[in-house]
1. So if I place +1 on the C-beta of Lys and Arg and -1 on the C-beta of Asp and Glu, and nothing else carries charge, what would the dipole magnitude of the chain be about its Cα centre? I want it in debye, nearest 20.
2. Could you derive backbone 3J(HN,Hα) for the stretch 39-52 from the dihedral phi with the Karplus parameters 6.51, -1.76 and 1.60 (θ = phi - 60°), listing whole Hz in sequence and x where the residue is Gly or Pro?
3. Tell me which trypsin sites (Lys or Arg not before Pro) from the stretch 35-87 have a DSSP coil assignment and no more than 16 other beta carbons within 10 Å of their own.
4. Summing -39500 (n - 2.57) over the DSSP H runs of n ≥ 4 in the chain and dividing by its residue number, what mean residue ellipticity at 222 nm do you reach, to the nearest 500 deg cm²/dmol?
5. For the Cα atoms of the chain, what angle does the longest principal axis make with the long axis of helix 57-79, in degrees from 0 to 90, nearest 10?
6. Can you give me the long-range amide H partners of Thr44? Hydrogens built in the peptide plane at 1.01 Å from N, cutoff under 5 Å, separation of 5 or more residues or another chain.
7. Starting from the stretch 102-146, pick out the GluC sites (Glu not before Pro) whose DSSP state is loop and whose Cβ has at most 13 other Cβ atoms within 10 Å.
8. I want to verify a result. In a Gaussian network model of the chain, Cα cutoff 10 Å, which of these has the top mean-square fluctuation: Phe104, Phe15, Phe148?
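Values in this text are rule-based calculations from the coordinates and carry no lab data. Every value quoted in this text rests on a predicted model; they were computed, and no experiment measured them. Quick reminder, even Gly has a Cβ in these numbers, built from the backbone with ideal geometry, and neighbours come from all protein chains shown.
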Amino acid sequence: MKQSLQHANRMLALFGFFKVPLIWYCRPKILVLNEEQVQIKIRTRRRTKNHLNSMYFGTLAIGADVAGGFMAMSKAEARGEKISLAFKAVTGEFLKRPEADVLFTCVDGHAIDEMLDETISTGERVNRPVKITATCPSISGDEPMAIFHLTLSLKMIPSKKSA
């Protein structure tokens with residue numbers, strides 16, 4: 001994937017503003033985006049925390065959603081393909097209260113490549129789980145605060161052919 005982080009963050013902000021306003025409201029920032037992984041940061045501040053001064057459950061879900069979905073969208077765009085992307089299932093294991101900025105990391109780049117290859121070759125919808133790990137490096141280093149498993153669902157959108 002050849003897009004710069006600045007471009008990726010601009011595209012994420014525009015997508016959030018126009019398509020999913022809750023993403024825009026939480027202001028996620030892409031820190032790492034490469035063939036293997038994506039890492040998203042959401043700051044803990046008034047709009048993203050709960051009454052216990054930890055990151056709100058809904059914000060955690062948004063971070064997992066963005067980390068799981070943005071890589072697939074970027075990889076499809078880099079291939080020049082349009083895809084329909086959705087999440088069909090989600091499970092979350094909440095291990096500790098995230099009381100600082102949270103990093104959401106997905107290292108399933110190769111699995112997403114395989115999904116894209118399959119949906120492009122067959123035209124069928126492909127469903128597979130991706131794992132997103134949420135950490136608070138300023139509190140506990142790489143120790144997970146939460147672990148999400150989202151079933152990513154991809155389908156190629158056929159290009160319109162002119163008559």
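1. On the way: 23 positive and 16 negative charges, 179 e Å.
Dipole magnitude for the chain comes out near 860 debye.
2. With coefficients 6.51, -1.76 and 1.60, one gets 10, 10, 10, 10, 6, 8, 8, 3, 6, 10, 10, 9, 5, 9 Hz.
3. Working: sites: Lys41, Arg43, Arg45, Arg46, Arg47, Lys49, Lys75, Arg79, Lys82; in loops: Arg43, Arg45, Arg46, Arg47, Lys82.
Of the trypsin sites (Lys or Arg not before Pro), the ones in loops of the stretch 35-87 whose Cβ has at most 16 other Cβ atoms within 10 Å are Arg43, Arg45, Arg46, Arg47, Lys82.
4. Numbers: 5 runs with 61 residues, N = 163.
Helices in the chain give a 222 nm mean residue ellipticity of -11500 deg cm²/dmol.
5. 30 degrees
6. Excluding prolines and chain starts, which carry no amide H, the hits are Asp101, Val102.
7. Values: sites: Glu114, Glu118, Glu124; in loops: Glu124.
The qualifying sites are Glu124.
8. Greatest mean-square fluctuation among the candidates belongs to Phe15.
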